[in-house]
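Every number in this text was worked out from the coordinates using simple rules, so none of it is lab data. Keep in mind that what you see is a predicted model, and the values were worked out from it rather than measured. Cβ: placed from backbone, ideal geometry, glycine included. Neighbour counts: every protein chain shown.
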Amino acid sequence: VIVIMTDDQDYMLNSTHPAYMPALNQHLADRGLQLRNFLISTAACCPSRTILMTGRYTHNNNVTSNIEPHG
């Protein structure tokens with residue numbers, strides 16, 4: 001099982017180019033996975049990462065911001 005977590009990748013700014021993200025491209029993009037349209041529950045970095053790592057939404061994990069004390 002390969003687990004890849006990536007954040008703040010922008011297709012339009014080319015931050016997912018193989019020169020910058022070779023493992024991402026090798027394991028996902030080269031095999032056909034592209035996420036062009038998707039929804040997330042919280043757009044801020046800290047709350048979004050916490051949701052991914054814990055499986056608990058912001059109202060259950062109390063990480064609601066990128067700034068202390070709530071981030």
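Just a few scattered comments:
- Sites residue 66 and residue 13 - FRET efficiency at Förster radius 22 Å, r taken between beta-carbons, to 0.05: 0.65
- Most to least packed among 45-53, 19-27, 31-39, 7-15 [average Cβ atoms within 10 Å]: 45-53, 19-27, 7-15, 31-39
- Computed E for residue 21/residue 45 - FRET, C-beta separation, R0 25 angstrom, nearest 0.05: 0.90
- Sequence-separation-based contact order of the chain, relative, with Cα cut under 8 Å and 6+ spacing, percent: 18 percent
- Virtual spin-label span in nm between residue 30 and residue 5, 7 Å along Cα→Cβ: 2.5 nm
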